[in-house]
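Below: one structure, written as structure tokens.
The values are calculated or read from the model by the stated rules, or taken from the named source; none is laboratory data. If you're wondering where the values come from, they're calculated on a predicted model, not measured in any experiment. Neighbour counts run over all protein chains shown; Cβ positions are idealised from the backbone, glycine included. The area values use the complete protein model at the heavy-atom level, side chains included, leaving out ligands, DNA and RNA. Shrake-Rupley method; radii C 1.70, N 1.55, O 1.52, S 1.80 Å.
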Amino acid sequence: MIQLIRGFKDVLPGESELWQHIEQTAAALFTDFGFKEIRIPIMERTELFARSIGEDTDIVEKEMYTFPDRKGDLITLRPEATASICRSYIQHKLYAADPVKKYFTIGPMFRRERPQKGRYRQFYQLDAEVFGSASPYVDAQLIYMLKILFHRLGVTDIMAHINSLGCPECRPDFRDALLAYITGKEAELCADCRRRKDKNPLRVLDCKVPACREAMAAAPSILDHLCDACHVHFETVKTALENLQTPFTIDKRLVRGLDYYTRTTFEMQTGSLGAQSAVAGGGRYDGLVKLLGGPEIPATGFAIGFDRLAEIVAQAGETYVVDPDLYVAALGEAALPLAFAWIAKLSEAGIRAEMDFEGRSLKSQMKRADRLRAGHVLIVGDDEIKKKTAILRNMMSKAQDEVPFEGLLETLGARLGKKE
Ligand code: HAM
């Protein structure tokens, strides 16, 4: 038997309804906040991700699915959506008339990480990006929108962790301070951190290896090194969040695993998922559009880990599966074409109707209706055809009555139709 690839998974019916519910809730909310959907390819030139995410990040160094296509061009299955959305924004000059654009997208991402609960090699993200504004209010608005989405989905164990990574003005100063702190501690660090510390000492702050965390416990805080403009920016994000009654904690070690961030960075963290506590992550990336060959346009955004969010929402135990409204039990040769026409018309009218075409006994059809959790069963056999009435049985109350063939579809429509 051929099995799926390790770290990949199927979303089966039973779970897919919950996924649809999350997608619809998010799309409706994002649309109300002025976001428009953008659909981007799942493969891009490798260079796009290497340049934007950063050559010496875990993602680019070890996790990308990269391969030469038949002509030898290096192609990568996207590990995230931000780079592609920027590429699209620049390529189609979407900034031309009005640089302020808000986009969202939902789709699969690919990272060859070590699979575990909440961590997959193909996972889904719900991604939102805002271009064209450097305002701290936009960062706060994104965090607020996330909070509202989680609340609408019944997720309460969630906290916004925020930090600022400064800008090209002040980050070099912090980088020097951090490097000075690390110097002399190399022996305590993991091999990756030792190798990367000179190029990108911020990575060491982000390392999850316990020894590195311990060695970095007393590291300097970037928040003590922000320039005036970045300091005011961060303070405004905090005040704006307070104004919107959005709780947050300041997390000076939150540097995130991608190199494009400037100023505000944030994660939505939960205690409901074990080791994988980040349900969403994002931040400002004011330099990326320029870095990828576009004009100097600031931007900010986030991505929600869809699989993780779905796992938390599923913990509430609510079902989103829809059961048939009606099962038509057709008994005998003559009933089959009647039932066949009825279920087609009923389904068309939005009444979920099922039957089977195998001509089984009433007992086995009733069993199947039960298994499908149909709300009602309509029984039609030779006797009913003679009398031109079918029997309608309510599977919950077990009450049954007769429904004349004349006007049958209208009667069923009125009795079983959706009451909204
Ligand atoms: P990220 O933090 O790499 O950010 O990913 C965002 C979220 O995707 C994570 O918080 C997590 O919930 C989920 N995620 C990441 N890797 C996996 C995995 N292997 N399995 C399951 N879920 C995963 C970004 O991707 C940025 N592009 C976010 C962003 C948008 N920043 C600005 N705009």
(request) For Q24 and N243, compute 0.36 nm times the residue count separating them, minus their Cα-Cα distance, and round to one decimal in nm. (result) 76.0 nm
(request) Pick out which of G72, G305, G294 has the largest mean-square fluctuation in a Gaussian network model of the chain, springs linking Cα atoms closer than 10 Å. (result) G72
(request) For the chain, report the accessible area per residue in Å² (1.4 Å probe, heavy atoms, rounded to an integer). (result) 49 Å²
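Length gain on complete extension for the stretch A134 to D228, per 0.36 nm per residue less the alpha carbon to alpha carbon distance?
In short, 32.3 nm is gained.
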(message) Once neighbouring chains are kept in place and the probe is 1.4 Å, which whole percent of the accessible area of the chain is contributed by carbon and sulfur?
(response) 53 percent
(message) Explain nothing, just compute: Karplus ³J(HN,Hα) = 6.51 cos²θ - 1.76 cosθ + 1.60, θ = phi - 60°, for every residue of the range 56-70 in order, whole Hz, x for Gly and Pro.
(response) 9, 9, 4, 4, 6, 5, 10, 10, 7, 8, 10, 8, x, 7, 5
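Helix-only estimate, please: 222 nm mean residue ellipticity of the chain, summing -39500 (n - 2.57) across DSSP H runs of length 4 or more and dividing by its residues, to the nearest 500. Could the numbers behind the result be given before it?
Details: 15 runs with 150 residues, N = 420.
Helices in the chain give a 222 nm mean residue ellipticity of -10500 deg cm²/dmol.
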(message) What lysines does K345 reach when the alpha-carbon gap must be under 19 Å and sequence neighbours fewer than 8 apart in one chain are set aside?
(response) K388, K418, K419
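Report the full-extension gain for the segment L74 to I385: residue separation times 0.36 nm, less the Cα-Cα distance, to one decimal in nm.
My answer for the length gained is 105.2 nm.
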(request) Distance check, please: which entries in K238/K290; K71/K101; K9/K208; K36/K197; K93/K117 exceed 31 angstrom between their Cα atoms? (result) K71/K101; K36/K197; K93/K117
(message) Based on C-alpha coordinates, I'd like the Rg and Dmax of the range 326-389, in Å.
(response) 11.0, 30
(request) Starting from the alpha-carbon convex hull of the range 1-88, give the projected area averaged over all orientations, in nm². (result) 8.6 nm²
(request) Measure out, as a whole number of angstrom, how far apart the alpha-carbon centroids of the range 309-372 and the range 267-281 sit. (result) 39 Å
(message) Please list, by residue number, everything in the range 326-360 whose backbone N is under 17 Å from a paramagnetic label point 7 Å out along Cα→Cβ of S397.
(response) 326
(request) With θ set to phi - 60°, apply the Karplus curve 6.51 cos²θ - 1.76 cosθ + 1.60 along the range 397-409 and write out the HN-Hα couplings as whole Hz, x wherever there is a Gly or Pro. (result) 8, 6, 6, 9, 8, 9, 10, x, 4, 4, x, 4, 5
(request) Could you tell me what fraction of 2.2 N^0.38 Å the Cα radius of gyration of the chain comes to, as a two-decimal ratio? (result) 1.28
(request) Mind telling me which of T57, T265, T300 comes out most flexible in a GNM of the chain, alpha-carbon contacts under 10 Å? (result) T57
(message) Only Cα pairs within less than 10 Å get springs; with that Gaussian network setup on the chain, which residue of A316, A369, A399 has the largest fluctuation?
(response) A399
(request) Compute the distance in nm between two label points, each set 7 Å from the Cα along the Cα-to-Cβ direction, one at K93 and one at L4. (result) 4.3 nm
(message) Let me check against my output: what whole-number percent is the relative contact order of the chain, with C-alpha pairs under 8 Å and at least 6 apart?
(response) 15 percent
